[in-house]
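Heads up, the thing below is written out as structure tokens.
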Amino acid sequence: MKKSKIALALMLVLSMLFASSCETIAAVELSADYTRTSDDEGEVTDEFVDALTSLSFSMFSEIVSEDEENSNLLFSPLSAAICIAMVTNGADGETLSQLEDFFGMDIASLNRAVYAYISSLYTADDCSVSLANSIWVRNERITVKESFLQTNADWYGADAYSAPFDSSTVDDINKWCQDNTDGLIDKMLDEIEDDVVMILINSLLFDAQWETKYENSNISASENFTNYDGTTSKVTMMYSDENTYITYGDAAGIVKNYAGGEYSFAALLPSEGTDVYEFAKSLDSEAWESIWENSVLTSVSTVIPEFSYSYDVELINVMKALGVTDIFDATTSDLSNLGSSTGGNLFVSRVEQKTYIEVSRNGTKAAAITHAEVTDECADVTEYVVRLDRPFVYAIVENETGLPLFIGVYSCAEAE
């Protein structure tokens with residue numbers, strides 16, 4: 001696990017690049033040839049909500065298990081799902097079967113549900129979620145099927161570009177990421193390896209003010225936060241009275257709405273002496289459903305620290321642990337519905353996610369970019385108190401479905 005620091009808001013990068021070996025000239029937009037042709041608006045089904053909730057917490061649990069540094073963690077399951085789904089549209093045979101098992105639904109149904117879900121996401125001046133997708137194709141050595149680009153245009157609105165994959169393409173991709181994350185992610189790549197023949201990118205930007213704004217009298221500077229290692233750090237704390245109390249076992253928490261009431265910040269504080277990472281690993285879709293459905297409307301005196309941090313994670317081992325193996329093996333990968341390369345069989349050689357979050361008195365900003373590498377062979381009113389002054393688990397949640405857009409662990413104020 002690697003961590004990097006980016007100084008603005010939450011950003012998540014999950015990336016998938018498709019590799020081979022060759023070079024050429026500047027990016028040409030192909031998107032005009034691949035606009036949406038389907039009039040099917042899709043449907044946000046219970047199957048989709050259950051499947052994505054299960055996938056979200058399964059992947060997050062694996063990430064927590066993989067981390068060896070007891071660091072602040074952050075993961076965007078929605079960004080990851082969209083990026084991997086775009087790749088899945090190029091898979092066939094056992095590779096496709098493993099990916100559909102990974103998602104918990106067939107790719108055609110997933111495409112329709114994702115399209116409907118994204119189309120339904122609430123956005124306003126003071127609370128917005130925006131997503132963008134792009135596919136970058138090396139303009140030599142790979143032949144991409146038109147059906148692959150059309151499917152991803154129909155369901156994911158993916159722009160397509162033909163590019164030389166030289167320094168100009170690095171600049172183009174970094175500019176695309178900057179433009180689609182409001183400058184929060186301004187540098188995605190340093191270079192593109194010679195064996196990369198395709199890059200798929202998802203960007204996710206969350207930018208919302210609190211429903212109830214903090215006044216200066218609600219802010220207290222230089223209070224103690226107890227870090228995971230037992231040390232203390234001085235942080236700025238935000239005081240408020242909330243009206244939704246959540247519990248799971250001995251853990252207690254709050255739900256705090258963003259402007260418009262369509263999204264919320266949910267936090268769970270494990271009981272004193274409980275390891276926050278073991279607690280995070282215990283959360284699954286059933287636990288989350290119980291937490292969400294059994295929330296209590298009541299008065300909750302709440303204290304939340306201001307914080308910001310970034311987090312990077314490689315996801316291949318996470319996906320392997322959840323049954324996806326063939327796509328990462330040059331001898332077994334079947335991406336025949338994507339296209340072909342003169343360099344040999346295509347397989348995914350890298351899946352990376354980068355994230356950053358800023359929670360402040362003004363609200364929360366979050367951005368996500370997803371990219372991957374494919375290489376060829378070459379109730380009663382009770383006064384509760386939730387004081388988040390030691391490690392806790394949190395999520396940014398879409399309230400209607402309860403789906404988490406981001407899930408994280410905040411364990412160390414020194415990591416800012």
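The values are calculated or read from the model by the stated rules, or taken from the named source; none is laboratory data. Just so it is clear, the structure is predicted and the values come from calculations on it, not from any experiment. Backbone-built Cβ (ideal geometry, glycine too); neighbour counts: all protein chains shown. What goes into the accessible areas is simple: the full protein's heavy atoms, side chains included, and nothing from ligands, DNA or RNA. Shrake-Rupley method; radii C 1.70, N 1.55, O 1.52, S 1.80 Å.
Okay, here's what the table says:
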item	result
Lone qualifier among Thr331, Thr370 - being over 27 Å from Glu215 (Cα atoms), in a strand (DSSP E or B) and not acidic (Asp, Glu)	Thr370
Test: residue in the range 68-86 that is of a type in the set (D, E, K, R), open to solvent by 10 Å² or more (accessible area, probe 1.4 Å) and at pLDDT below 95	yes
Failed criterion for Ser65 (all others in (1) within 30 Å of Ala259 (Cβ to Cβ); (2) modelled with pLDDT under 95 hold)	(1)
Matching entry among Ile135, Ile142 (being surrounded by 19 or more Cβ atoms within 10 Å (Cβ to Cβ) and either under 20 Å from the mean Cα position of the chain (by Cα) or at positive phi (or both))	Ile135
Residue match in the range 380-391 (condition: touching a helix residue (DSSP H, G or I) at 6+ places or on another chain (Cβ under 9 Å), buried (at least 20 other Cβ atoms within 10 Å of the Cβ) and modelled with pLDDT of 95 or more)	yes
Test: residue in the range 94-105 that is under 17 Å from the mean Cα position of the chain (by Cα) and open to solvent by 20 Å² or more (accessible area, probe 1.4 Å)	no
Residue selected from the range 317-326 under the condition open to solvent by 10 Å² or more (accessible area, probe 1.4 Å) and not in a helix (DSSP H, G or I), by the criterion farthest from Phe392 (Cα to Cα)	Thr325
Positions within the range 300-316 being over 30 Å from Phe347 (Cα atoms) and surrounded by 15 or more Cβ atoms within 10 Å (Cβ to Cβ), in sequence order	Val300, Thr302, Val303, Ile304, Pro305, Glu306, Phe307, Ser308, Tyr309
Of residues in the range 33-61 being touching a Lys or Arg at 6+ places or on another chain (Cβ under 8 Å) and in a loop (DSSP other than H, G, I, E, B), the one surrounded by the most Cβ atoms within 10 Å (Cβ to Cβ)	Gly42
Residue identified as open to solvent by 20 Å² or more (accessible area, probe 1.4 Å) and either in a strand (DSSP E or B) or farther than 20 Å from Lys354 by Cβ (or both) among Gln178, Gln209	Gln209
Failed condition for Asp329, given (1) open to solvent by less than 50 Å² (accessible area, probe 1.4 Å); (2) touching a strand residue (DSSP E or B) at 6+ places or on another chain (Cβ under 8 Å)	(1)
First in the range 162-183 and of a type in the set (Gly, Ala, Ser), second anywhere and open to solvent by 30 Å² or more (accessible area, probe 1.4 Å) and part of a loop (DSSP other than H, G, I, E, B), Cβ under 6 Å, 6 or more apart	Ser162/Leu30; Ser162/Asn139; Ala163/Ala27; Ser168/Ala26
Residue in the range 145-171 that is farthest from Ser203 (Cα to Cα), counting only those that are of a type in the set (Asp, Glu) and surrounded by 18 or more Cβ atoms within 10 Å (Cβ to Cβ)	Asp154
